[in-house]
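K.L.:
Quick one: structure below, then a few questions.
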Amino acid sequence: MSEQHVTSEQHLAPEVPKADETARVEAEAGETRRSRRPSILRGAAGRNLGLVVALVAICAVGVITAGDRFASVDNLLTILRLASIIGVLSIGMTFVIIGGGIDLSVGSVLGLSSVWASTLATQTLAANTHWIVMVLCALAVGLGAGLINGLLVAYGKVVAFIATLAMMVAARGLAEMISNRRTQIVTVRGFLDFFRGDFLGVPTLVWIFAVVAVAGWVLLNRTTFGRRTIAVGGNPEAARLAGIKVRRHTMYLYALAGLAAGIGGAMMLGRTTAGSSTNGQLYELDAIAAVVVGGTLLAGGRGTIVGTVFGVLIFTTLSNVFTQNNLSISAQAVAKGVIIVVAVLLQQRFAERSRAGT
């Protein structure tokens, strides 16, 4: 009887939440609401907004110091034209770095593709058929070099730094052998008319950069390939356990970077009207710098195409401001170095905050 009496009292007694428990729940809810508010600014949109502010500040300095010489439409088109080739290389580099790798060979591959596409045999074939043959040759050379890099890194298990460094040296040497260290002038008129022309007043090179950037954005953000790239760069072992063929995907990433270098080689031929083994020297460093400043983590797993585009524009605009004010190339190099260091430090801050938040 006593047990039944106790049981009935338990059922009849109302359950009243404790005051401290209610306060704890409300406090946690408040913290959640506060953390959600600035989450947009801490994400990719916030980083891109910071890049926009930096670009606007550089443009403001250019207008103040150089006046109409900087603010003219012709100078704006010049900045975009100079940014186009580095921009295409940077789009391919973005995929490689997000995937957890690095490619030091894109500048040399660009030079090799420009030399191979401007040889006498290639130009003769293009003159007898169509100028697109030269473009296809440049793309094939870039894609082949990228595939070799990918095979060495993914299946040969060679460290990406070493594999692409070897390709950087080998591609530059092969370009010198093919051209005999001479400049090869492009004489195919259709090729020159296309790449040196414009559409709606905007140079063709800028349109190519825009198309590559849009294609890269769609590939990274709207396809399975992009999601797999982020997964492979974030945690290769977890990606493998999830069913992603990590080695094959890594090979594709380097092939994509090589293809971008091939496109850059054709664009370089159109801009300079000449194939040379010196084309693209140190372009790989400019591409990596633009990608890093654009917010892509060197450790892999995070990055945006929009950020990379802004990174390219920031460096190109900065160089233009220095040129407009007759400042030395050495000063430009120092400024670029400072920007890169600041970008890396900010990356570390963001990474620490994200780990603390999780």
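K.L.:
Could you state the number of Å between the C-alpha centres of the stretch 263-313 and the stretch 145-223?
P.N.:
Between the Cα centre of the stretch 145-223 and that of the stretch 263-313, the gap is 10 Å.
K.L.:
Using a 1.4 angstrom probe, figure out how much accessible area the stretch 84-309 has per residue, in square angstrom, rounded to the nearest whole. Present the calculation step by step, with values, prior to reporting the outcome.
P.N.:
On the way: 9440 Å² over 226 residues.
Here the per-residue accessible area is 42 Å².
K.L.:
Hey, another quick one. In terms of modelled amide H atoms, which long-range or inter-chain residues lie less than 5 Å from the amide H of A274?
P.N.:
The answer is V186.
K.L.:
Within the stretch 84-309, what whole-number % of the accessible surface is contributed by carbon and sulfur, with the 1.4 Å probe and all protein chains included in the calculation?
P.N.:
Percent of accessible area from carbon and sulfur atoms in the stretch 84-309: 66.
K.L.:
Mind jotting down the three principal axis lengths of the stretch 84-309 based on Cα atoms? Whole angstrom, largest first.
P.N.:
Each principal axis gives a Cα extent; for the stretch 84-309 these are 52, 40, 30 Å.
The values are calculated or read from the model by the stated rules, or taken from the named source; none is laboratory data. Nothing here was measured: the structure is a model prediction, and the numbers come from that model. Just so you know, the surface numbers come from the protein's heavy atoms only, side chains and all, with ligands and any DNA or RNA stripped out. Shrake-Rupley method; radii C 1.70, N 1.55, O 1.52, S 1.80 Å.
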